[in-house]
Amino acid sequence: MHEESFVFDEMLNGWRDQQRSRGLDPYGVEVRIKFIRRFAGYCEKPPWQWGPGDLEDFTVRSMSGAKPLAKSTIRSYQMTVRIFCAYVTDTRYEWVAECLERFGSAPQQICHDWNTVAHLLEYEGRPQRRALTYDELEGFFVCADERVETILAAGRKGALSALRDAQIFKTIYAFGLRRKEAASLEVADLRPNPAALRFGTYGTVEVRWGKGSSGSGPRRRTVLTLPEMDWVVDGLRQWVDEGRPRLTDDPRGALWPTERGTRACACATSTAVSRTCATVRVCPSS
């Protein structure tokens, strides 16, 4: 009934299986599948009718307007299209012959060196972005701590969550963690360092869900507690001994539980950061 839709769906299903066979992250695979559907909707034609001009038109539209996309985002989109086109044009999967037989046209590689963004710089962020100054960091942490006292004084719920967020901020900064890495920590990941016994069980942090290469899975690493960051130990000890037990009875579970007993997610951390930055008038983009 809808031959074009059927073939396109089968292309995406085959591409999904091929990526999963490589051991790629299932979430990332579905993100790519979703974007290819979006790109096809923008082109208003199936992949076997795409041409280089379709990619160029999409790129120009995405880089213009009131909110143009970042160059790194554009390159990521183009890379997704390039990988998909490489799959459907690979003769080992017979999509070229199938499309020629059914529709009289075959898919082609529409991404090349002359119409895609090259990765020339290690950092591609906006020049306006900068690291926070020490005064701004101090104001940020003070605001996070004061929010706990404000909630308690007002007699409202959420003081424990605010205390948890404040300690997450300090842990991320002191150990140089990503949001997901911090959110995935468990109590058992806090371990002693034989070379710095004064820190007790907070001498190292075992990061078990670090960002890995394509198909490699999470990458492990051990982060030491630095003498310059020894102030984070008291906060972690207070949270583990006094704050966390009020949210969960599991002594070995998630380091940052919610009031419902689930694990605090990375998105919630981002929301808390934005709220705190707005309170101290620190622009997140800076």
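The values are calculated or read from the model by the stated rules, or taken from the named source; none is laboratory data. Worth saying up front: this structure is predicted, and the values here are computed from it rather than measured. Every residue, glycine as well, gets a Cβ built from its backbone with ideal geometry; the counts of neighbours run over all protein chains shown. Just so you know, the surface numbers come from the protein's heavy atoms only, side chains and all, with ligands and any DNA or RNA stripped out. Shrake-Rupley method; radii C 1.70, N 1.55, O 1.52, S 1.80 Å.
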Task: Residue with peak Gaussian network fluctuation, the chain [Cα springs, cutoff 10 Å], from ALA196, ALA182, ALA153 - done: ALA153
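Using the Cα centre of the chain as the reference point, and only Cβ charges (+1 on K/R, -1 on D/E), how large is the resulting charge dipole? Debye, rounded to the nearest 20.
The dipole of the chain has a size of about 480 debye.
Enter the mean projected area of the convex hull around the alpha-carbon atoms of the chain, in nm², rounded to one decimal.
Computed as one quarter of the Cα hull surface, the answer is 20.5 nm².
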- [ ] Give the distance, in whole Å, between the Cα centre of region 77-102 and the Cα centre of region 147-168.
- [x] 54 Å
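With a Förster radius of 41 Å, plug the Cβ-Cβ distance of ALA195 and LYS34 into 1/(1 + (r/R0)^6) and report the FRET value to the nearest 0.05. Before the final figure, lay out the partial values.
Values: r = 47 Å, r/R0 = 1.16.
It comes to 0.30.
Taking 0.36 nm per intervening residue step and subtracting the Cα-Cα distance, what contour gain separates LEU132 from LYS67 on full extension?
Details: separation 65, 0.36 × 65 = 23.40 nm, distance 2.44 nm.
Between LEU132 and LYS67, full extension yields an extra 21.0 nm.
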- [ ] Enter the angle in degrees (range 0 to 90, nearest 10) between the Cα long axis of helix 26-43 and the first principal axis of the Cα atoms of the chain, meaning the one along which they spread out most.
- [x] 50 degrees
- [ ] Mind pulling the angle between the C-alpha long axis of helix 71-89 and the longest principal axis of the chain? Nearest 10 degrees, somewhere in 0 to 90.
- [x] 40 degrees
TODO: Quick one: work out Rg over Rh on the C-alpha atoms of region 1-130, Rh as Kirkwood radius.
DONE: 1.00
Task: Net lengthening on full extension, GLU242/ARG92 (0.36 nm per residue, minus Cα-Cα) - done: 48.0 nm
Task: Cβ charges +1 (Lys, Arg) and -1 (Asp, Glu), total dipole of region 122-276, debye - done: 660 debye
Task: Diffusion constant of region 129-227 at 20 °C, which comes from Stokes-Einstein with the Kirkwood Cα-pair radius and 1.002 mPa s, µm²/s - done: 139 µm²/s
Task: Inter-probe distance in nm under a simple model that places probes 7 Å from Cα toward Cβ, at VAL142 and ASP25 - done: 3.7 nm
Open item on the list: Could you derive backbone 3J(HN,Hα) for region 225-241 from the dihedral phi with the Karplus parameters 6.51, -1.76 and 1.60 (θ = phi - 60°), listing whole Hz in sequence and x where the residue is Gly or Pro?
Closed with: 7, 7, x, 5, 10, 5, 5, 6, 5, 4, x, 5, 5, 5, 5, 5, 7
- [ ] Take the solvent-accessible surface of the protein heavy atoms, probe 1.4 Å, and return the percent of it on the chain that carbon and sulfur atoms account for.
- [x] 52 percent
TODO: Kindly provide the helix-only [θ] at 222 nm of the chain, computed as the sum of -39,500 (n - 2.57) over DSSP H runs of four or more divided by all residues, to the nearest 500 deg cm²/dmol?
DONE: -16000 deg cm²/dmol
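So if R0 is 41 Å, what FRET efficiency would SER274 and SER5 give, r being the distance between their Cβ atoms, rounded to the nearest 0.05? The partial results should precede the final answer.
On the way: r = 40 Å, r/R0 = 0.98.
The formula returns an efficiency of 0.50 here.
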Task: Accessible area (Å², per residue) of the chain, counting only protein heavy atoms and a probe of 1.4 Å - done: 61 Å²
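Region 172-286: Rg/Rh from Cα coordinates, Kirkwood Rh? Present the calculation step by step, with values, prior to reporting the outcome.
On the way: Rg = 15.1 Å, Rh = 15.4 Å.
Rounded to two decimals, Rg over Rh is 0.98.
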Task: Contour minus Cα-Cα distance for ARG178 and ALA118 (0.36 nm per residue) - done: 19.0 nm
TODO: Take the alpha-carbon positions of region 164-221, form their convex hull, and give its projected area averaged over all directions (one quarter of the hull surface) in nm².
DONE: 4.5 nm²
Open item on the list: Counting just the Cα atoms, what span does region 35-87 cover along each of its three principal axes? Round to the nearest Å and put the largest first.
Closed with: 32, 20, 17
Open item on the list: Taking the 0 to 90 degree range and rounding to the nearest ten, how far is the long axis of helix 52-62 tilted relative to the main principal axis of the chain, both from C-alpha atoms?
Closed with: 30 degrees
